[in-house]
1. For the cross-link pairs Lys252/Lys274; Lys60/Lys319; Lys198/Lys316, which exceed 25 Å when the distance is taken from alpha carbon to alpha carbon?
2. Please give me the summed charge of the neighbours of Ser49: other residues whose Cβ is under 13 Å from its Cβ, Lys and Arg +1, Asp and Glu -1.
3. Taking a threshold of 24 Å on the Cα-Cα distance, which of the pairs Lys199/Lys445; Lys19/Lys352; Lys21/Lys437 fall above it?
4. Once you have the Cα-Cα distance between Asn370 and Glu273, take 0.36 nm times their residue separation minus that, and quote the gain in nm to one decimal.
5. Convex hull volume of the Cα atoms in the stretch 65-164, per residue, in Å³?
6. How many times 2.2 N^0.38 Å is the alpha carbon radius of gyration of the stretch 375-468?
7. Under 8 Å for C-alpha pairs, at least 6 residues apart: give me the relative contact order for the chain, rounded to a whole percent.
8. If the viscosity is 0.692 mPa s and the temperature 37 °C, what translational diffusion coefficient in µm²/s does Stokes-Einstein give for the stretch 1-124 when Rh comes from Kirkwood over Cα pairs?
Amino acid sequence: MPLLIVGIGILILLVLISKFKINAFLALLITSFAVGLLSSMNPMDILDSILKGVGDTMGKIVLILAFGAMLGKILEESGAAHTITFRMTEFMGLKNIQYALLITGFLVGLPMMYNASFLVLIPLIFTFASTTKLPTIWLALPLLSALSVAHCFLPPHPAPTYVSFIYEADVNKVLLYGLIPMIPACLIGGVWLSRFFKKIRVTPPEGLFTERKFEKSELPGLGISILCAITPIILMLLGAVADLSFGPPPAKTELSKMGIENITGFYQHIFTEKGFSPELVNIYSGILTFFKFMSDANMALFMAVMVAILTLGLRKGRKMDDVMNSSAKSIGAISMIVLIIAGGGAFSQVLKDSHVIEYIRSISDNIHMNPLLMAFLIASVFRLAVGSATVATLTTAPIMLPLAQQAGASPELMVLATGAGSVMWSHFNDSGFWMFKEYFGLSVKQTFQTWTIMESTVGIVGIITVLIMSVFM
């Protein structure tokens, strides 16, 4: 019954958006109420779920979206994105530009959260399309497939890192093994699949990207252009190094159980156990705490905006008022995107509070199959139901742990199989679906034809590769 309600909810949402042309944000709120009522939830409980979903989602992404839009606008208006475009085109050639973008997506997506890396790189996609006259979707899919795979498969991203500890997997091996399915997943789901979408017309949101012709003499240097683009990457790598070296700090509730007040105390505990002197304990724990602070996606993008304002704005002769006005316009351009993503968070929260997860757990106990394939299927169902790849991954791992241990499955491959399932079926309750749709100005149908198929192809290729790997490991 819960899965039927989810199906009815998706149908209601599709009808509201496609048939009645209701704004996606309002349609998501209406659908959230409908799903809650069908699940016999009290109206006040439904309202609480919606408010919690909106609040949690906005709290996690609103600054990332705002700073990302500001950084992208500065890169665009200063010509920095054009500089990088010209040099990459000269270096790789138009014939290999998709592979250059795929590699860029991997390098950027490995340390950065998906939303942040999407927003940093999206101006480059528009610039490539503008300057080379190549189809936008054809350019975007290779890059975005790499970002998606890095987010769902590879440490130091939160979900694969966390479930590595649940499955008792070696994080470094997960990262190493994850590179194997990543290659065919991106080549098939990104490069090969994109050839079918060359004719789709893309219309970026007004004010987010404006085509502009630059003379080469107007463009900033390559070094400063790359510095501004990769500043958040560099900063987020600091946290990645700390996590790969010492493991990600536990949640605050877990720290409290350990009698530790904060992250600094966590690192002090680690270095004390290693026998360091009190002076070195304080120095090293302070450095790692600073790394974690600066590597937070919100802080990394904020610092990148500050660097871009100084180097690509004020030092290039632009006035602060001019830079601030264009930044304000970029934030205005994403206001509806923010609301739509918040609506997706509300929908996802109602689905969670309507006990869909508990129902899936109950029916999974009676299924007997290859634990890798089962992890993939359960994660894919969670992804379909709640939208979040991270939630799908974190929910599947505790269910699968005893089954995986009983079957003797490789814990590293279990992490990858779970990640492959979590990338499947992206639709209305996934913020990534709405970001792709709104930033590229696509219809719902076109978003299913491009984004959803790309995500599902990446997941299917990923699990097939993992199953083949399991034969040899």
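Bear in mind that the values in this text are calculations on the coordinates, not laboratory data. This is a predicted model, so every value here is computed, not measured. Virtual Cβ from ideal backbone geometry, glycine too; neighbours counted across all protein chains shown.
1. On the way: Lys252/Lys274 23 Å; Lys60/Lys319 32 Å; Lys198/Lys316 37 Å.
Those over the limit are Lys60/Lys319; Lys198/Lys316.
2. For residues surrounding Ser49, the net value is -2.
3. Too far apart for the 24 Å limit: Lys19/Lys352.
4. That works out to 30.9 nm of additional length.
5. Per-residue hull volume (Cα only) is 86 Å³.
6. Details: Rg = 14.1 Å, N = 94, 2.2 N^0.38 = 12.4 Å.
Cα Rg divided by the expected 2.2 N^0.38 Å: 1.14.
7. Computed over the chain, the figure is 24 percent.
8. Working: Rh = 17.9 Å.
Value of D from the Cα-based Kirkwood radius: 183 µm²/s.
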